Amino acid sequence: MFPYRKTKFQLDVVFPNKMYGGVYSLGPLIIYNLVNQRKDWYCERVFLDHGKVKAPLVGFSLQYELDLEKAIAMKPKQGITFAGGPVAELHTKEVAKYFDFLILGDIEAVLPKILEEWEKGEKDFLKRISSLSGVYQAGQKDITKAQLQSLDDAPYPLVQPFPETINEDYVFGKCFILETERGCPFFCHFCAIPQFYEGKMKYHSLNYLKKVIDDGLVINKAKKIVIYSPSFVHPQRKELLKFLLEKKVRVSFPSIKAELMDLETLQLMKACGQESLTIAPECGERLRFAINKKVKDEEYFAFVERCNSIGIQKLKIYMMICLPGMNNEDIKEMAKFIKEMKRIFKGRLYLSINYLVPKPKTILSAHIFDKKIAKEQEKLLIQELKNIKIKMPKLSTSYKEWQILQES
């Protein structure tokens, strides 16, 4: 980590939730590294349960809608505040009411320019940065996004500190986070990720990633790498996995696209120490195609067979209810699919069911979250899956999240 030093300029980057989740958030790490690498600057990371906001310039990383309220409560009474992250991207005009400015798009392309303006003095600072691409202030007509021509153009956040002692709440343990790509090419109707990057995919080159891995493992004394991507679709993922295997480092993959994981890729993942995998079929096949996730049940079953052949021990699947047009037959079809997945898989299957909370700027944004329908569908699904353990969020929490979205 960057040791504390007295400097002329200071910035705090805030993750307004618990530290055990925030240490794995790439956005604050990017800011932390960019700022601390500049002469006369020092940056500290602050979490809901760790650290205090002290700097005159404070940035908030908004990953979840329910964190906005926490961020507002953590705002200092004096100084300049800004925010970025998915919530700022999706609810730009609403979030801008609470901060002096927002950063939108690729932060590496605009933050250095903002810091340069701060160095010139606080007088007229907000006016001077208002014309920068990727900066948005309340009341502004145009919304622009900062853009990197290539991910390789930006320095990687190599310094990734962890507390000395961590517990089981830190789900990935001490690790090095490796971003392989930005964006998602699949355009599922419920997903907002393609909107963040205007449908464009960006990949780090293999040579860039190799250098980052070499440096990151040494700097952080890490023995584990977590692949940071929505679905790990990097065109050279096999070559990357082979390099990681040569480095003899454990690798975790938070989420993958089942239909893209052929036997060789899965074998490489297993050889890198991955014993469990996570996929998101979302629903039964009819609705799956309706929401533009065009993967047949047979492709998931074939994926499970490949997992069996290499000895994958755990499989976590994410599903959804409350989708537009979902009826009792769709619930029963989903249950049948889940039971078949459980029957085929030789390891332990973990099932997570979530309510669809429609996101703005998606095709399903206008869909109404009906609590009565949610309860009915939940009850039917539980009846259909009597002997299968289900993990679900609280209905009240998901509904509150939807209400927040309606206000923006």
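The values are calculated or read from the model by the stated rules, or taken from the named source; none is laboratory data. In this text the structure is predicted, and so the values were computed from the model without any measurement. In this analysis, Cβ positions are derived from the backbone assuming ideal geometry, glycine residues included, and neighbour counts consider all displayed protein chains. To get the accessible areas, we keep the full protein, side chains included, count just its heavy atoms, and leave off ligands, DNA and RNA. Shrake-Rupley method; radii C 1.70, N 1.55, O 1.52, S 1.80 Å.
In this calculation the C-beta distance from Lys223 to Asp142 is compared with R0 = 51 Å, giving a FRET efficiency of 0.65.
Considering all alpha-carbon pairs of region 1-105, what whole percent are spaced by more than 25 angstrom? Walk me through the numbers on the way to the answer.
Details: 689 of 5460 pairs.
Value for region 1-105: 13 percent of Cα pairs lie more than 25 Å apart.
Left without a cysteine partner by the 4.7 Å Cβ rule in the chain: Cys43, Cys175, Cys184, Cys272, Cys283, Cys307, Cys322.
How big is D for region 201-357, in µm² s⁻¹ as a whole number, if Stokes-Einstein is applied with the Kirkwood radius of its Cα pairs at 10 °C and 1.306 mPa s? Walk me through the numbers before you get to the answer.
On the way: Rh = 16.9 Å.
Translational D for this selection: 94 µm²/s.
Helix 328-344 and the longest principal axis of the C-alpha atoms of the chain enclose an angle of approximately 90°. Centroid-to-centroid, using Cα positions, region 189-210 and region 134-179 are 13 Å apart.
Taking a straight Cα-Cα cut-off under 12 Å and skipping sequence neighbours fewer than 8 places away in the same chain, no aspartates and glutamates fall within cross-link reach of Lys141. Backbone N atoms of region 211-238 closer than 11 Å to the 7 Å Cα→Cβ label point of Asp262 belong to residues 238. Shape class of region 54-163 from the alpha-carbon gyration tensor: rounded, with the ratio a/c of largest to smallest axis under 1.5.
Lysine pair count for region 223-306 (Cα-Cα distance under 12 Å; residues 8 or more apart in sequence or on different chains): 7.
Sorted by accessible area (1.4 Å probe), largest first, how do His50, His91 line up? Walk me through the intermediate numbers first.
Numbers: His50 90, His91 15 Å².
Reading off the accessible areas and sorting them downward yields His50, His91.
Label reach from Ser309 (point 7 Å along Cα→C-beta): in region 238-280, amide nitrogens under 13 Å belong to 261-268. Of the peptides 390-399, 267-276, the order by per-residue mean of other Cβ atoms within 10 Å, starting with the highest, comes out as 267-276, 390-399. Taking a Cβ cut-off of under 9 Å around Ser352, the surrounding Lys, Arg, Asp and Glu residues balance to a net charge of +2, with basic ones at +1 and acidic ones at -1.
Expressed as a rounded percentage, what relative contact order does the chain have, with Cα pairs under 8 Å and six or more residues apart?
Numbers: 694 pairs, mean separation 46.2, N = 408.
11 percent.
Here Lys211 is the anchor, and the aspartates and glutamates within straight C-alpha reach of less than 16 Å, apart from those fewer than 8 places off in the same chain, are Asp152, Asp153, Glu179, Glu181, Glu239, Glu246.
Excluding Glu122 itself, what net charge comes from residues whose Cβ is under 12 Å from its Cβ, given Lys and Arg +1 and Asp and Glu -1? My count for the surroundings of Glu122 gives 0. In terms of modelled amide H atoms, which long-range or inter-chain residues lie less than 5 Å from the amide H of Ser252? Under 5 Å from the amide H of Ser252: Ile225, Val226, Ile227.
In this simple spin-label approximation, Glu239 and Lys379 carry label points 7 Å from Cα along the Cα→Cβ vector, and these lie 5.6 nm apart. Summarising the amide proton neighbourhood of Val14: residues at separation of 5 or more, or on other chains, whose placed amide H is nearer than 5 Å comprise Val46, Gly59, Phe60, Ser61.
In the chain, the longest principal axis of the Cα atoms and the axis of helix 237-247 are about 70 degrees apart. Take Lys372: with every protein chain present and a 1.4 Å probe, its accessible area is about 140 Å².
For the chain, the gyration tensor built on C-alpha atoms gives an oblate shape. Its axis ratio a/c (a ≥ b ≥ c) is at least 1.5, and a/b is not larger than b/c.
Please give the length that would be gained between Ser133 and Glu299 if that part of the chain were fully extended, namely 0.36 nm times their separation in residues minus their C-alpha to C-alpha distance (nm, one decimal).
Computed gain between Ser133 and Glu299 is 55.5 nm.
Of all DSSP bridge pairs formed entirely within the chain, close to 10 percent run antiparallel. Count Lys and Arg as plus one, Asp and Glu as minus one, and take only other residues whose Cβ is under 9 Å from that of Arg286; the net charge is then -3. Each of Thr165, Thr362 has its accessible area taken with a 1.4 Å probe; listed largest first, they run Thr165, Thr362.
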